[in-house]
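Here's the structure we're looking at; comments come further down.
The values are calculated or read from the model by the stated rules, or taken from the named source; none is laboratory data. Just so we're clear, the structure is a prediction, and the values are computed from it rather than from any experiment. Don't worry about glycine lacking a Cβ; one is built from the backbone with ideal geometry, like all the others, and counts go over all protein chains shown.
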Amino acid sequence: MTVRVLFFSVLKDITSTDEVPVICREGSTMGALLETLFERWPGLRAWDGSLLLAVDQSYVKRDALLHEGAEVAIMPPVQGGGSFVQAFPAHSMRTPNTMSSTPKIFVRRSSLIDFSHVAPK
């Protein structure tokens, strides 16, 4: 089966592409796909502990089964945008218009980062 893998932010720089088709065995999981990608682009492995993973615009874990034609998104934990940083919480992935353009607090690897003291540009 073939899945379409999308890379975002710094991961596009590591892979030198924003999209690539990948042939997988039937019954493959997201974890198996990641191992294939790590073999092809060893620099991705440095991000292994903090990657956000989605299939067909829904966040998934590594045990998620893939299917023919799946759109797989692989993202770093925080995306940049304009003059502000924008987080992509699971509840807003399908509806980006509902996200705040000036978020104040982010969670990364179980730590809170408070941006409330930073003045907007």
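Taken across segment 82-102, residues that are closer than 16 Å to residue 7 by Cβ and either among the polar types (S, T, N, Q) or at pLDDT 95 or above (or both) do not occur at all.
Scanning segment 14-36 for residues that are out of contact with any strand residue (DSSP E or B) (no Cβ under 7 Å at 6 or more places or on another chain) and on the phi < 0 side of the Ramachandran plot yields 14, 25, 26, 28, 31, 32, 34, 35.
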